[in-house]
Structures are given as structure tokens and as C-alpha cells.
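So the structure is just underneath, and the comments pick up after that.
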Number of protein chains: 2
Amino acid sequence: MKRTAFFISDHTAITAETFGRSLLSQFEAVTFERVTLPFVDCEAKAIETCRRIANAFAHDGQAPLVFSTLTDEHLRHILERSEAVVFDLFEVFLDRMEAALGQASAQAVGRSHGLGDAALGRGRIEALKFALECDDGIGVDAYDQADIILVGVSRSGKTPACLFLALHYGIKAANYPLTEEDLDLSTLPSGLRKHRARLFGLTMNPERLHQLREERRPATRYASLEQCRNEIRAADALFRAAGLSYLDTSTMSVEEIAANILHRGGLRRTRW
Amino acid sequence: MKRTAFFISDHTAITAETFGRSLLSQFEAVTFERVTLPFVDCEAKAIETCRRIANAFAHDGQAPLVFSTLTDEHLRHILERSEAVVFDLFEVFLDRMEAALGQASAQAVGRSHGLGDAALGRGRIEALKFALECDDGIGVDAYDQADIILVGVSRSGKTPACLFLALHYGIKAANYPLTEEDLDLSTLPSGLRKHRARLFGLTMNPERLHQLREERRPATRYASLEQCRNEIRAADALFRAAGLSYLDTSTMSVEEIAANILHRGGLRRTRW
């Protein structure tokens, strides 16, 4: 069984994709062909969109699903006359929000992401710059400015987590790679001690680490399962001895890792 | 007028934040205090959440708004008995989706992001690794593997765009910084010519570039408005002469830049 799902927006379609994907994940038995159509911001594009919906309908023999965040009522009406089953975020929620807030909504094209993004973009770009400069312990002096400092052995996922924290949440995340020397000492490296309150450990099961390291440097001591086991054992012991919060990332996506760090690290995202 | 908005999820709360923020942006006249509560995945946490809602109600004197993606019906019912006005994504859409698809939904806790994320994570981490290795033209040989190559003068926003394309869309984006020597020649640098079909230019107004460069190296020739004007003029001329698609990013957030590149660059995101 195959159905086409369209994510349609007058802007980036990030919201339409996010909410649509979340809903689609509730239907495992169905295979979805996913099509994102951003910047549908005029009548001509809305009509072209209906044509694509009609084609998908003819091809699948079943009504496509549409997840839409169109704010313009006229464009929404055009879409509603298509063959698709339309799930429109604004259509569904705005009336109730207007009632709850006692205010009329803006309903302006593109408003769904447009406002406040300049300032928001700025904070996150700064956080991103910070993450890039601090990557792999190069900017140790900058630890003073970090919102959080991720600690873990090589390939434990520190860099993607730092970049996601920066780009998505505007959090300034530094990282410190634990070396074999650090692990031999069994205490926090001296440069980290004064930042203890902002340290957060990353760990994973040794098999997964072995697999990741094999991709980078196959058949080396560095990548061997034994080495991975030793390093993870020592790192976990270090986290416990130092009383750090730490997270097993073995089965997590980068979103999940970042959201867990934010939550368990007690961070407040100040940069929306 | 101030209201509290909660974003509540049994998982990362990324979906709840995204759809809630999109809806809140339609109400400019209201100031929202935003609180994200991820990992609300058991009765005790749902009850604690209701307590926080009650506190916000007492403090604001107005009903808080809740944007929720709770999948567990029991937890949803607990939340519905709170003082908040609850906007629940699954509550609202799942019945209609079940009808459209003729299938029951999973309704499993955490299912909203859980499935498929391992593979998905992998593709995006690979794309991220690619972006980091290629940053600032270091990996010119890797241009063969790139899905797209962003071209622009220094500080035109290539790096954040590449990282966002990788982390969010799994697109392998390389970047090439145009030097003064490149600009003097008025033709595409020789190393880029064979990749012409995958080149995409970034430009911005000279005043904005001047401002960004002043932050990096204040009061230098590099940052001067005159230099920015000359470089942007030469870069735009180069993009036009070479027939490249290019984008003015002056007023765009990184999401908007990435979504525009994806759309106008004709890229198909293969890694969901």
C-alpha cells in the first residue's frame, strides 16, 4: 500500500514537514512517497500544486495526504478543492487560539516563521560559531563562555550534538575529547575541574563505538573492540566518580541527544 | 498582556515546539512566556506538568496555552483536566488520518520521532562530517561527492547553510569561498568549472556584509564598506556570467536560506 504525502507551505515548509512527519510516523503499515513543496505563495503555484496532487492521485489510485501550513485563506481554498485529504495546521487550530486569546490572528503570508527570526538567527549563528571554534578542545579558554561542555571519548558524538544544540537551540556548547591519558588518571582533567557544573558526559555501548571507529580507521588499535571497551569503561567510571550527568547515545538520533542534554543538563534555551 | 505557553511531549518536544511556535507567531500582540517540557512519559510527570500549569495560571491570571504531542491517551486525559487550553496535534488529526488511510494508528509513546531515526541519523551525520571536512574549500577533491557546492565571498553565510543542510536535510553541501583573485578574473575558478551544475551562489547587500565583517575584524580594509561593495558587485557579476542560481540572504534566517537552496537548487532530499 503506497500513498503520497505532500508537505506544503508558503514559506520554508519546515513546520509542515515536522508536524506531518510526526503524524505519519503513527502509521507504520503504509509506505509514503513524500514530496515537499515550499514557497507556495501565489495562486499560480497553488494551482500547479493541485495539478501535482491530481497526478499523484491518478498514479496511486488513492487520495494523497496534504500537510499544509498555508496562512492565506484564498490559497487554502484552492488546495481544499484538490483530490487530497488536507490537514491544515492553521485551519484547525487558529479559531480556537483566537477564542482562547481574545485576539485576531495575523494570517499574513509567511508570518509562520518570518518574525523574530532575524534576532533568533543571530543568536544561533553566534552559538554555531562558538561550537565550530571550540570543536575538539581547541578553544579551551572559551570554556568560560560555554553554556555546556560535552565530555566523551573520540567518536562519542560530541561534535554533531554541539552543532545541533547551536543551530536548533542557540546553546553555546563546547566539547572536550577524553584522551587515554585523561582516562588513565581516573579524575577530571585539571582544565575541566573548575567547570564541573557545566560538564555533561556522552557514552555509548562499546560495540557501537567500535563500529563508528572502524568506519574512520579500520583495523587499528584505536578502533578495536577491546580498546573501545576499555575507554568506555574508564569514561563511565570517570563520569560517576566526578558526579557528572551523562547519557548513553547508542540508539539515539542527534535530535534526541540534544533534547536530552538540554533537559537533563538543566539548560534554559534563552535564544528562541 | 502576558500568557504562558507550554510545549509538552513524551519525547524531544521538537515537534511540539515547531508547531506551537508557528501558531504563536500569528499573535503578535501577545507576549508569551515559553516553557518546554520534554520527556513527559509517565503519570507522575504528567501530574507534575499539571502543577506547573496551575502555577502559571495563578501567576498570569489567564489560562496558559499547551501545545502537546503526547501519544498516550491516559497522559493526554490528565493534561486535559488542567487549567490550560490544550492544543494536541494527535488528538486533532489522528482520527481523520485513520479514516483517510483506513488504518489504526500506533499511538505508542515516543513513536512520533522514534522510528526510522537510526538510519536517518546516520545519513545526516555523514552529511555533517562531509560539511565539516569540506568547510572553506579544504576538501576540493570531495566536490565530486557533494550534492551542492555553495559559492560566495567571505562571511556570506556559506558555513551555517552547509551545516543546516546537512543536519536538517542530510544534504552533502560543500562550499567555496571566492577570493579577491577569483573575483579579479571574472570567470569561475578553474577547479569549479566542471561542477557548474551543482554550484549555487550566496550574496547579500554590502551594508549587511560590512556589518558582519566588522564583528570579525573591525576597522580593516577587509571589513570596509567599500571593499564589501566591490566584492559583492564582482561576485554577483560572476554568478550572472556563469549562469548560476544565487540567493540574496540579507534578511534570511538559516532555515530560510537552506530551504531556498534546497528548492531552487532542485535538490531532492534523499535522507529523511
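The values are calculated or read from the model by the stated rules, or taken from the named source; none is laboratory data. The shown structure was predicted, so the numbers you read here are calculated from the model rather than taken from an experiment. Neighbour counts run over all protein chains shown; Cβ positions are idealised from the backbone, glycine included.
Looking across segment B:183-200, the residues that are surrounded by fewer than 22 Cβ atoms within 10 Å (Cβ to Cβ) and not aliphatic (A, V, I, L, M) come down to B:Asp184, B:Ser186, B:Thr187, B:Pro189, B:Ser190, B:Gly191, B:Arg193, B:Lys194, B:His195, B:Arg196, B:Arg198.
Of the residues A:Thr49, A:Thr71, A:Thr31, which is at pLDDT 95 or above and of a type outside the set (A, V, I, L, M)? Exactly one of A:Thr49, A:Thr71, A:Thr31 is at pLDDT 95 or above and of a type outside the set (A, V, I, L, M), namely A:Thr49. Is it true that B:Arg216 is of a type outside the set (Phe, Trp, Tyr), within 14 Å of chain A (Cβ to nearest Cβ), farther than 23 Å from A:Pro38 by Cβ and within 26 Å of the chain's Cα centre (by Cα)? Answer is yes for this residue.
Taking the condition over 25 Å from A:Thr15 (Cα atoms) and touching a Pro at 6+ places or on another chain (Cβ under 8 Å), does B:Ile232 pass?
Working: over 25 Å from A:Thr15 (Cα atoms): yes; touching a Pro at 6+ places or on another chain (Cβ under 8 Å): yes.
For B:Ile232, the condition - over 25 Å from A:Thr15 (Cα atoms) and touching a Pro at 6+ places or on another chain (Cβ under 8 Å) - is met.
The condition (being crowded, with 22+ Cβ neighbours inside 10 Å and either touching a Phe, Trp or Tyr at 6+ places or on another chain (Cβ under 7 Å) or away from every other protein chain (no Cβ under 14 Å) (or both)) is satisfied by just one residue among B:Glu231, B:Glu226: B:Glu231. For segment A:67-85, residues that are more than 9 Å from chain B (Cβ to nearest Cβ) and closer than 17 Å to A:Glu43 by Cβ total 13. Residues in segment B:163-183 that are aromatic (Phe, Trp, Tyr) and without any contact (Cβ under 8 Å) to a residue 40 or more places away in the chain: B:Tyr176 alone.
Go through segment B:1-53 and give me each residue that's of a type in the set (Asp, Glu) and within 12 Å of chain A (Cβ to nearest Cβ). Result: B:Asp10, B:Glu17, B:Glu28, B:Glu33, B:Asp41.
Residue by residue, here is whether (1) closer than 30 Å to A:Gln211 by Cβ; (2) modelled with pLDDT under 85; (3) in contact with a His (Cβ under 6 Å, 6 or more places away or on another chain) holds:
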| position | (1), (2), (3) |
| --- | --- |
| B:Ile53 | no, no, no |
| B:Pro64 | no, no, no |
| B:Arg81 | no, no, no |
| B:Leu89 | no, no, no |
| B:Ser105 | no, yes, no |
| B:Val109 | yes, yes, no |
| B:Phe130 | yes, no, no |
| B:Arg155 | no, no, no |
